[in-house]
Amino acid sequence: MSEGVEWALHSCVNLAWSGPERAVSAARLAAWHDLPAAYLNKQLQALARAGILTSAPGPRGGFRLARPLAAISLMDVVAAVEGPEEAFRCAEIRQQGPGAGPAAGRDADADAAECAVAHAMARAELAWRRALAAQDLDEIRQQAERQAPEAPQRLRAWLAAQ
């Protein structure tokens, strides 16, 4: 997974803390964590295309949450940033080299069956996707606030000072 997923998740929580009345620019969100604004903007645009954020142009524009954190799963953010493709793609290397094709003493159907590695990786990915889909960003926000109760107010004060 790219670091853009981490940046996107933190940005969603930061937008919740900033309040629904405030649009925050990609540059301001990036500055809060000393990130490259252009790259963060790409992640935020992906979230907007996925309906997780809304964006408004102009000097007072920026990004806002399009829906409550409780309605945004970790999987929603991962899919928006990384795309819907599976993380593992079997290249069928078992069909290459000296070991390729039907082998003596093996059933030809065994070669046509799904690759055992691909099958195991697909099961693991399904479990991973289900776990991400089961956790929403409001749970993340709550945990972050337990760990750093002053964080929401610090962010709001920092945004207001600019």
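The values are calculated or read from the model by the stated rules, or taken from the named source; none is laboratory data. Note that this is a predicted model, so its numbers are computed, not measured. Here the Cβ positions follow ideal geometry from the backbone for every residue, glycine too, while neighbour counts run over all protein chains shown. With ligands, DNA and RNA removed, areas are computed over all heavy atoms of the protein, side chains included. Shrake-Rupley method; radii C 1.70, N 1.55, O 1.52, S 1.80 Å.
In terms of the Cα gyration tensor, with a ≥ b ≥ c the square roots of its eigenvalues, is segment 1-65 rounded because a/c is under 1.5, prolate because a/b exceeds b/c, or oblate? Please list the in-between numbers first.
Working: a/c = 1.41, a/b = 1.30, b/c = 1.09.
Rounded, since a/c falls under 1.5.
With the cut-off at 1.5 for a/c, could you classify the chain from its C-alpha gyration tensor as rounded, prolate or oblate?
Numbers: a/c = 3.50, a/b = 2.69, b/c = 1.30.
Prolate is the answer for the chain, as a/c is 1.5 or above and a/b outweighs b/c.
What ³J(HN,Hα) values, in whole Hz, does the Karplus curve 6.51 cos²θ - 1.76 cosθ + 1.60 give for segment 17-34 when θ = phi - 60°, with x put for Gly and Pro?
5, 5, x, x, 7, 10, 8, 10, 6, 4, 5, 5, 4, 5, 4, 4, 10, 6
Using the heavy atoms of the protein chains alone and a 1.4 angstrom probe, what is the accessible area of the chain per residue in square angstrom? Kindly include the intermediate steps, with their values, before the conclusion.
Values: 9620 Å² over 162 residues.
That works out to 59 Å² for each residue.
Compute the relative contact order of segment 18-156 as a whole-number percentage, counting only Cα pairs closer than 8 Å that sit 6 or more residues apart in sequence. Can you show the working numbers first?
Numbers: 119 pairs, mean separation 35.1, N = 139.
With pairs under 8 Å counted, the relative contact order is 25 percent.
Tell me, in nm to one decimal, what length is gained between ALA133 and GLU86 on full extension, where the rule is 0.36 nm per residue of separation less the Cα-Cα distance? Could you put the intermediate results ahead of the total?
Values: separation 47, 0.36 × 47 = 16.92 nm, distance 1.48 nm.
Gain on stretching ALA133 to GLU86: 15.4 nm.
In whole Hz and in residue order, list the ³J(HN,Hα) couplings for segment 7-12 that follow from phi through the Karplus curve 6.51 cos²θ - 1.76 cosθ + 1.60, θ = phi - 60°; x for Gly and Pro.
4, 5, 4, 4, 4, 4
Return the long-range amide H neighbours of GLY62 (sequence gap of 5 or more, or a different chain), with a cut-off of under 5 Å between placed amide H atoms.
Amide H neighbours of GLY62: ALA56.
Take the solvent-accessible surface of the protein heavy atoms, probe 1.4 Å, and return the percent of it on the chain that carbon and sulfur atoms account for.
Of all accessible area on the chain, carbon and sulfur atoms account for 56 percent.
In nm, to one decimal, how far is the ALA66 label point from the ALA27 one, both placed 7 Å along Cα→Cβ?
Label-label distance for ALA66 and ALA27, simple model: 2.5 nm.
Which of these, LEU53, LEU126, LEU29, has the largest mean-square fluctuation under a Gaussian network model of the chain (Cα springs below 10 Å)?
In this elastic network of the chain, the residue with the biggest mean-square fluctuation among LEU53, LEU126, LEU29 is LEU126.
Taking amide hydrogens as modeled 1.01 Å from N in the peptide plane, which residues meet the under 5 Å criterion relative to ILE72, leaving out close sequence neighbours?
So ILE72 has HN proximity to LEU137, ASP138.
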